[in-house]
Amino acid sequence: MKYTFVYQLAASFLLSSVIALAQTEAPTTENIVQSGGRRYACKCYPGDRCWPTSQKWKALNDTVGGTIKEVIPNWAVCYNTFEGKPTYNAAACAEATANFPLEQWTTDQDILNLWIFWTNNTCLPTTNPGDTCTLGYYPEYVIRAKTKADIKAGIDFARNNNVRLIIRNTGHDFMGRSTGYGSLAINTHDFKSVEFTKRYTGPGGYTGGAVTVGAGIQGRELLRLGNQQSPKVAIVTGECPTVGFAGGYIQGGGHGPLATLYGLAADQALSFDVITADGVYRTANARENPDLFWALKGGGPSTFATIVSVTVKTFPETKAAGAVFRINGTHTNDTEVFWKGFRAFHNLSNHYVENGMFVYYQLLTDSLNAQPFVAPTKTAAQLKEILKPLVDQLNSQNIPHSLTYHEYSTFFDLYIDLFADEGSGANMLVGGRLFTKTDIRNNGNGIVDAIRQSTEASQYGMIGHIVGPGTGAPVVDNAIHPQWRDGSSFSISVLLQPTNVTWAEKRAAEVFLTDQVDGPLRAASPNGAAYVNEGNLEEPNWQQAYWGSNYPRLLSLKKKWDPKGVFYARTTPGTEDWEVIDYGTRLCKKV
Ligand SMILES: Cc1cc2nc3c(=O)[nH]c(=O)nc-3n(C[C@H](O)[C@H](O)[C@H](O)COP(=O)(O)OP(=O)(O)OC[C@H]3O[C@@H](n4cnc5c(N)ncnc54)[C@H](O)[C@@H]3O)c2cc1C
Ligand SMILES: *[C@@H]1O[C@H](CO)[C@@H](O)[C@H](O)[C@H]1NC(C)=O
Ligand SMILES: *[C@@H]1O[C@H](CO)[C@@H](O)[C@H](O)[C@H]1NC(C)=O
Ligand SMILES: *[C@@H]1O[C@H](CO)[C@@H](O)[C@H](O)[C@H]1NC(C)=O
Ligand SMILES: *[C@@H]1O[C@H](CO)[C@@H](O)[C@H](O)[C@H]1NC(C)=O
Ligand SMILES: *[C@@H]1O[C@H](CO)[C@@H](O)[C@H](O)[C@H]1NC(C)=O
Ligand SMILES: *[C@@H]1O[C@H](CO)[C@@H](O)[C@H](O)[C@H]1NC(C)=O
């Protein structure tokens, strides 16, 4: 407030010195809005007096070497016009439409999201060019950043002009946090540098192998590079081939096939190179800015800084065994028999993780596809032995199923063989729950009942992960929910939506997800938690659910490192002060 006043005074008398001062501390571009009987201080939006002039945008474009683009949705080419300009192009439309379900293509674009719900679906592929295409919740402008100076320029511009800032890496965010109405987006996807070292020499006492990963690197890409090292190394990445590594994934925690053995991705971080909200390049590690280092390890995506690169531990490659376990219509159409089979499978979660394993599975109301069981360091014979209690239970209850075993000389070979590519374009809300060993021990049956109830309510199913990041790993001091250390099974719930739903229907779907789909999961797991990267935006007491006892420290660090709220991602520390008002458009601080 004091500074605003000083700048306004100065502005009327000494414009040139304001420009000089603005480089260090910009004047606030206040934008007070009344909405729904409340007073808000909003970001600046097109049409607002404080929205930057075209000269300012041009100056930014010059600063970032011409890499800023006005956002035109990819499928505008299927419509006659976009914002009054002709856009229709049959060939381009056919191509963009064919690409719609492709995951890698989607991640490579400037602004698209894999899961389309939070784009507001106002410009989907169409065969009717007379339909209307609008921007919806896509950003206004995007910087396809090539250098860290480009990222800094975008952060500075957003801060100085009070414009909403979005950091977009792969667009994987289930919860729509890599897009935002009326925003400036910075796309970090081209930061593809990777550097391996056999002996880490930075602070923190660790001296093993490490890799410095640029912000745009994707999971499988990183594993592939690790596999090309001599000797080969493995890294804790996500199960999904195209999920980012140094963006939302590691800042939210980051589970994956090696996480039971080595811990979450956030447990592997040794040092971050970042740009903080004040536009300063910083290193965050055990020696420099240790509080920021702590917060970046699991404290939430796009919350404390923009990551340019992160250095993480690597692990020597080892042999690995895998298994694929299925129960579906090939085996039985008896729902009760099916759920008995699922119960036998899920009730053994603690047993799998205690053996260093990870399992990825898709559960529908009448089928289970557990592909794969990942048993790093094990042979197929050892895995068979570990799964004996499962097979014994299935056999004693006469539950038909299929179970195959596979053995590989490296984890990477298993990963390539058993993890499938995924798609894009589903219109859905997601929620989910982390079940702990304690809850599975005390209430294994109740948890399976809850999963069934939830699956039947959503009329779809769940994406399941048996993962226990506290099992084999040394405990690292970081911001992840402490219950991850007792973790055993993490499920994502999914509520599919038609693309033409009204605002009111969307809100009703959120309530249904929270109460009917996620409600039973929460009730069955009093010692559980939720996962900020794969969770419900309406999660009750989200601060507690996502971070537990770490939340108060994260909140104070948010206030320290980003006092003005330059970065914003829903349900991350400090965002209780903010609200997206006016039908999902304006981001505003409650005042
Ligand atoms: C198909 C699929 C599979 C998945 N598998 C896994 C899995 O195995 N394990 C797991 O833990 N999670 C998994 N996830 C969830 C994943 O961790 C989150 O979606 C995560 O946010 C993706 O990060 P991203 O950077 O790739 O995506 P984006 O959508 O581009 O970004 C996600 C968030 O991170 C922020 N962000 C991106 N880059 C930066 C940066 N450089 N600096 C600061 N903030 C940044 C964005 O602003 C946004 O808030 C999966 C998601 C999908 C869709
Ligand atoms: C930024 O500059 C480049 C190169 O001159 C130009 O192609 C692009 O259209 C400009 N972006 C905007 C938003 O004007
Ligand atoms: C978003 O979608 C809703 C319908 O669900 C619609 O009412 C609203 O106008 C849309 N807003 C924008 C900015 O696209
Ligand atoms: C059911 O499982 C069998 C055996 O593994 C598999 O061949 C088949 O593709 C599965 N069916 C479906 C619909 O997933
Ligand atoms: C289940 O139903 C499907 C479809 O009717 C049928 O093809 C299949 O053979 C049935 N499975 C069993 C095990 O009977
Ligand atoms: C599942 O686990 C619970 C708790 O450990 C136990 O009481 C129950 O008998 C188990 N159920 C089955 C079907 O194995
Ligand atoms: C959405 O589309 C479905 C199927 O075409 C239709 O039945 C429904 O009425 C539509 N809903 C709205 C709100 O337009």
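The values are calculated or read from the model by the stated rules, or taken from the named source; none is laboratory data. Because the structure is predicted, anything quoted here is derived from the model rather than measured. In this analysis, Cβ positions are derived from the backbone assuming ideal geometry, glycine residues included, and neighbour counts consider all displayed protein chains. Keep in mind that these areas ignore ligands, DNA and RNA; they rest on the heavy atoms of the full protein, side chains included. Shrake-Rupley method; radii C 1.70, N 1.55, O 1.52, S 1.80 Å.
What pairs can you find where one residue is in the stretch 398-414 and in contact (Cβ under 8 Å) with a residue 40 or more places away in the chain, the other is open to solvent by 50 Å² or more (accessible area, probe 1.4 Å) and among the hydroxyl-bearing types (Ser, Thr, Tyr), and their Cβ atoms are less than 8 Å apart, with a gap of 6+ or different chains?
Cβ pairs passing all conditions: Ser402/Thr330.
Looking at the stretch 258-301, which of the residues that are among the hydroxyl-bearing types (Ser, Thr, Tyr) and open to solvent by 10 Å² or more (accessible area, probe 1.4 Å) is nearest to Gly464 (Cα to Cα)?
Taking the stretch 258-301 first, the residues among the hydroxyl-bearing types (Ser, Thr, Tyr) are 260, 262, 271, 276, 281, 283.
Filter once more, keeping what is open to solvent by 10 Å² or more (accessible area, probe 1.4 Å): 262, 271, 281, 283.
Numbers: Tyr262: 19, Ser271: 30, Tyr281: 38, Thr283: 35 Å.
Top of the filtered list is Tyr262.
Does the stretch 487-521 hold any residues that are open to solvent by 20 Å² or more (accessible area, probe 1.4 Å) and in a loop (DSSP other than H, G, I, E, B), and which are they?
Across the stretch 487-521, the qualifying residues are Gln497, Pro498, Thr499, Asn500, Val501, Thr502.
For the stretch 302-349, give me each residue that is buried (at least 22 other Cβ atoms within 10 Å of the Cβ), in contact with a His (Cβ under 8 Å, 6 or more places away or on another chain) and in a strand (DSSP E or B).
Selection gives Ala321, Gly322, Ala323, Phe325, Ile327.
Looking at the stretch 142-257, what strands (runs of 3 or more DSSP E) fall wholly within it and have at least 1 residues that are among the hydrophobic types (A, V, I, L, M, F, W, C) and surrounded by 24 or more Cβ atoms within 10 Å (Cβ to Cβ)? Talk me through it step by step, then tell me what you get.
Values: elements: 165-168, 184-187, 194-197, 210-214.
Fully inside the stretch 142-257 and qualifying: 165-168, 184-187, 210-214.
Residue check: is Leu418 in contact with a helix residue (DSSP H, G or I) (Cβ under 9 Å, 6 or more places away or on another chain) and more than 16 Å from ligand 2 (Cβ to nearest atom)?
Numbers: in contact with a helix residue (DSSP H, G or I) (Cβ under 9 Å, 6 or more places away or on another chain): no; more than 16 Å from ligand 2 (Cβ to nearest atom): yes.
Taking the combined requirement at face value, the residue does not satisfy it.
Among the residues of the stretch 295-334, write down those that are in contact (Cβ under 8 Å) with a residue 60 or more places away in the chain and within 16 Å of ligand 5 (Cβ to nearest atom).
Arg326, Ile327, Thr330, His331, Thr332, listed by residue number.
Could you check the stretch 50-140 for helices (runs of 4 or more DSSP H) lying wholly inside it with 1 or more residues that are outside the structural domain of Gly216 (by TED's automatic domain parsing), more than 26 Å from the chain's Cα centre (by Cα) and in contact (Cβ under 8 Å) with a residue 24 or more places away in the chain?
Working: elements: 54-63, 90-99, 103-108.
By residue number, 54-63, 90-99.
In the stretch 406-445, how many residues are more than 23 Å from the chain's Cα centre (by Cα), closer than 17 Å to Leu363 by Cβ and not aliphatic (A, V, I, L, M)?
2
Residue by residue through the stretch 441-463, note down the ones that are within 16 Å of ligand 6 (Cβ to nearest atom) and in a strand (DSSP E or B). Write out each step before concluding.
Going residue by residue through the stretch 441-463, those that are within 16 Å of ligand 6 (Cβ to nearest atom) are 441-452.
Listed by number, the list is empty, since nothing qualifies.
From Gly519, Gly487, Gly444, grab the single residue that is at pLDDT 95 or above and within 16 Å of ligand 1 (Cβ to nearest atom).
Numbers: Gly519 fails: within 16 Å of ligand 1 (Cβ to nearest atom); Gly444 fails: within 16 Å of ligand 1 (Cβ to nearest atom).
Exactly one residue qualifies, and that residue is Gly487.
Condition check ((1) under 26 Å from Tyr262 (Cβ atoms); (2) within 16 Å of ligand 5 (Cβ to nearest atom); (3) open to solvent by less than 10 Å² (accessible area, probe 1.4 Å); (4) assigned by TED's automatic domain parsing to the domain that holds Ile111) across all residues:
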| site | (1), (2), (3), (4) |
| --- | --- |
| Ala370 | yes, no, yes, no |
| Ser409 | yes, no, no, no |
| Ile416 | yes, no, no, no |
| Ala420 | yes, no, no, no |
| Gly423 | no, no, no, no |
| Gly446 | no, no, no, no |
| Gln453 | no, no, no, no |
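Do we have any residue at all in the stretch 505-520 that's within 16 Å of Cys42 (Cβ to Cβ) and either in contact (Cβ under 8 Å) with a residue 60 or more places away in the chain or outside the structural domain of Asp439 (by TED's automatic domain parsing) (or both)? Give the derivation first.
Here is the first cut: in the stretch 505-520, the ones within 16 Å of Cys42 (Cβ to Cβ) are none.
No, every residue in the stretch 505-520 fails to be within 16 Å of Cys42 (Cβ to Cβ) and either in contact (Cβ under 8 Å) with a residue 60 or more places away in the chain or outside the structural domain of Asp439 (by TED's automatic domain parsing) (or both).
Confirm whether Leu403 is open to solvent by less than 10 Å² (accessible area, probe 1.4 Å) and either within 32 Å of the chain's Cα centre (by Cα) or within 16 Å of ligand 1 (Cβ to nearest atom) (or both). Steps first, please.
Working: open to solvent by less than 10 Å² (accessible area, probe 1.4 Å): no; either within 32 Å of the chain's Cα centre (by Cα) or within 16 Å of ligand 1 (Cβ to nearest atom) (or both): yes.
It is false that Leu403 is open to solvent by less than 10 Å² (accessible area, probe 1.4 Å) and either within 32 Å of the chain's Cα centre (by Cα) or within 16 Å of ligand 1 (Cβ to nearest atom) (or both).
Hey, among the residues in the stretch 1-56 that are at pLDDT below 50 and aromatic (Phe, Trp, Tyr), which one's nearest to Asp278 (Cα to Cα)?
Restricting attention to the stretch 1-56, the residues satisfying the condition of being at pLDDT below 50 are 1-26.
Still in the running and aromatic (Phe, Trp, Tyr): 3, 5, 7, 13.
On the way: Tyr3: 16, Phe5: 20, Tyr7: 18, Phe13: 26 Å.
Filtering first and then ranking leaves Tyr3.
If you take the residues of the stretch 460-484 that are under 24 Å from the mean Cα position of the chain (by Cα) and open to solvent by 50 Å² or more (accessible area, probe 1.4 Å), which of them is nearest to ligand 7 (Cβ to nearest atom)? Before you say what the answer is, go through the steps one by one.
Filtering the stretch 460-484 for residues under 24 Å from the mean Cα position of the chain (by Cα) gives 460-471, 473, 475-484.
Filter once more, so that each one left must be open to solvent by 50 Å² or more (accessible area, probe 1.4 Å): 460, 475, 477, 482-483.
Values: Tyr460: 18, Val475: 50, Asp477: 50, Pro482: 43, Gln483: 40 Å.
Within the stretch 460-484, the match that is nearest to ligand 7 (Cβ to nearest atom) is Tyr460.
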